[in-house]
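Read the structure below first, then the notes.
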Amino acid sequence: MAVHLLSASRLPVAKSINQNSWEMGGTLVREALERSGLESVDAIYASSMMSGELEGQMHLASLIADEAGLAGVEAMDISAVSASGAAAIRAAYLAIQSGEVNSVAVVGVERMSAGDANPVLRKALHAVRESEKTMVLKNADALAMYLKNHSVQYESFVNFAINAHRNGAKNPLALFQKEVDEAKVVEARIIAEPLRLYDCSPVCDGGACIVLSRSDHKAGDVKLAASACSTDRFVLEDRQDPLDFLAARKSFQKACDSSGRNTPDFKFFEVHDAFNIMACLCLEACGFASKGRGFRLAEDGDIYADGKLPIATMGGLKARGHPIGATALYQAAEIHAQLTETAGANQLPAEKIGPALMQSIGGAGTTLFTHFFEPA
């Protein structure tokens, strides 16, 4: 049974949004539903990593249903830390495939400005063994290891940030709408050696929603062709090779096996570039580059909009922003915009309108969701 992505809605990403997450969610669901051509949906699945801790509000999906005027529908909160939105998309995909529901509104919201986000972010790591670590430090360690093991200079990574900001500069919904050059990236302040400011995604607020439906219920312009999830050892140091994104590779292969697609088929990639090293390792895990060579796709310009494999086409997590629970919904909405040729100044060339890949990372590469989209 085919699952179609009918419509999407997005809020501008901002440092602070003066609205509760459930109010944001209600608005987004109403807008996406209106654009879908459906009168209602059978279910609402909501994702937010921080609303319970920073806003004191759990039971979010039911509250969003009420805010959207849809009290009575099935409603569930879905969580997988920084991959929560992707987990919600997968839950909706499976529910529709099972035949239990015909249509689902998947909504992700996050107000990271509502309190101190750092203690919440730490909870994505091992509470005992990694209590002194942060996600920034884990990614700094990974980048340092990569540079050393593969004899690579930091400058080889700068195009990840340059590409993200070039695309973000054209996206009116992006948090950062200014381009950066190599000098600005290299000379930026160090966050945790060797990570610099432009290697890291920002703390921000935002929300996005998509409506998914069975093809025989309501056909749309975009097909959600595959959904898969895999995990790795929870603690990075327990992995045989911390620079092998095993969960990314396995979830990608699962999605390939179920869809008949493979690496050469994909025209663009909405990658989880919360840190530049994550983007690099995902490119390698999915077979776009051999081990230790993912940085070359950036260095050679292949990741640009006019390159061989455009990534982060509307700014990615780095420039559009990374409002945690909403991020995967932004990624899916941006793919919908590209495939329906409604991406405005960010629109990819016609030859790139084809199968699209999306990956979402929970924790330090611990949980990986892969989704494939294609024109219907």
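For segment 322-332, the Karplus equation 6.51 cos²θ - 1.76 cosθ + 1.60, evaluated at θ = phi - 60°, returns couplings of 10, x, 2, x, 9, 4, 5, 6, 4, 4, 5 Hz by residue, with Gly and Pro reported as x.
Set the bar at 30 Å for Cα to Cα. Now go through Lys15/Lys148; Lys15/Lys352; Lys291/Lys318; Lys184/Lys223; Lys291/Lys352 and name every pair that lies beyond it.
Lys15/Lys148; Lys15/Lys352; Lys184/Lys223
How about segment 8-79: which GluC sites (Glu not before Pro) there lie in a loop by DSSP and see at most 15 other Cβ atoms within 10 Å? Sites meeting the loop and neighbour criteria: Glu39. Each Lys or Arg adds one and each Asp or Glu subtracts one; over the other residues with Cβ under 12 Å from the Cβ of Ile210, this totals 0. Sites listed here are trypsin sites (Lys or Arg not before Pro) in segment 1-40 whose DSSP assignment is loop and whose Cβ has at most 13 other Cβ atoms within 10 Å: Lys15. Ordering His272, His336, His217, His59 by the number of other Cβ atoms within 10 Å of each residue's own Cβ, fewest first, gives His59, His217, His336, His272. GNM remark for the chain: springs join alpha carbons under 10 Å apart, and the peak mean-square fluctuation among Gln331, Gln153, Gln253 falls on Gln153. Arranged from fewest to most other beta-carbon atoms within 10 Å of their beta carbon, Cys256, Cys282 become Cys256, Cys282. Annotation: extensible slack from Gln57 through Ser290 equals 79.5 nm (criterion: 0.36 nm per residue apart, minus Cα-Cα distance). The Cα atoms of segment 218-327 give a gyration tensor whose axes a ≥ b ≥ c have a/c under 1.5, which makes the shape rounded.
Exposure proxy ranking for Val3, Val73, based on other Cβ atoms within 10 angstrom of each Cβ and starting from the fewest, stands as Val73, Val3.
Between Glu132, Glu182, Glu270, the Gaussian network model of the chain with springs among Cα atoms under 10 angstrom shows the greatest mean-square fluctuation at Glu132.
Restriction of the trypsin sites (Lys or Arg not before Pro) in segment 132-240 to DSSP coil positions whose beta-carbon has at most 12 other beta-carbons within 10 angstrom yields Lys178, Arg189.
All of the numbers you see were taken from the coordinates with simple rules; none came from a lab. Model, not experiment: these values are computed from the prediction. Here the Cβ is made from the backbone with ideal geometry for all residues, glycine too, and neighbour counts use every protein chain on show.
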